[in-house]
C-alpha cells in the first residue's frame with residue numbers, strides 16, 4: 001500500500017450492507033452445518049422433528065431468510081430516511097426469527113450469537129445515522 005493512500009472509513013450504507021452479508025452467511029452456514037449432524041438429518045427425514053414441516057412453513061421461512069439477502073442491496077440504494085427505518089425494522093424482525101427459530105446445537109448458538117450481535121449493530125448504526133447538511137446521504 002502506498003504511504004500516500006489512506007484507508008477511507010466505510011460510510012454507513014457500506015457498513016450496514018457488510019453487516020447484512022455477515023448475517024446472511026451466518027444464517028446459511030448454521031443451517032448447512034446442522035444438516036451435517038446425523039441426528040438432525042435423520043429426524044428431518046423420518047419426520048420426528050418437533051415441528052411439522054409443510055410447504056406453507058417453508059414459504060414463511062423463505063421470506064424471513066430473504067430479508068437479510070435483500071437488505072444487502074437495499075442498504076446501499078434506499079434514500080436516507082427509508083433506509084434507516086428499513087434497517088431497524090428488518091433487523092428487529094430478523095432477531096426475532098433467529099431467536100425463535102433456533103436450536104440448542106452449539107454451532108447454532110455460536111452463529112445465532114454472531115447474527116444477533118450484527119443485527120444489534122445494524123439497529124444501532126441505523127438509529128445513530130445522521131446526515132450532515134450538504135452531504136450525500138452517507
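Relative to the longest principal axis of the C-alpha atoms of the chain, give the angle of the C-alpha long axis of helix 80-100, reported between 0 and 90° and rounded to the nearest 10°.
The answer is roughly 20 degrees.
Hey, fewest Cβ within 10 Å first, where do 81, 7 land in order?
7, 81
Packing-wise, with mean Cβ within 10 Å as the measure, how do 87-95, 62-70 rank, highest first?
So the peptides 87-95, 62-70, ranked by packing, come out 87-95, 62-70.
List residues of the stretch 60-98, by number, whose backbone nitrogen lies under 15 Å from a label position 7 Å along Cα→C-beta of residue 131.
Output list for this probe position: 75-87.
Quote to one decimal, in nm, the extra length available between residue 45 and residue 11 on full extension: 0.36 nm per residue of separation minus the C-alpha distance between them.
Result for the pair: 7.7 nm of gain on full extension.
Cα convex hull of the stretch 30-138: mean projected area in nm², to one decimal?
Spelled out: convex hull of the Cα atoms, projected over all directions, averaged, 7.7 nm².
What's the angle, to the nearest 10 degrees (0 to 90), between helix 12-36's Cα axis and the longest principal axis of the chain?
On a 0 to 90 degree scale, this one is about 10.
Using Cα springs under 10 Å in a Gaussian network model of the chain, which residue among 46, 71, 24 shows the largest mean-square fluctuation?
46
Could you state the angle between the C-alpha long axis of helix 106-128 and the longest principal axis of the C-alpha atoms of the chain, as a value from 0 to 90 degrees rounded to the nearest 10?
It is inclined by approximately 30 degrees.
Any read-out appearing in this document is the output of simple, stated calculations on the displayed coordinates, not a laboratory observation. Please read all numbers here as calculations on a predicted model, not as lab measurements. Positions of Cβ are generated from backbone atoms using ideal geometry, with glycine treated the same way; all protein chains shown enter the neighbour counts.
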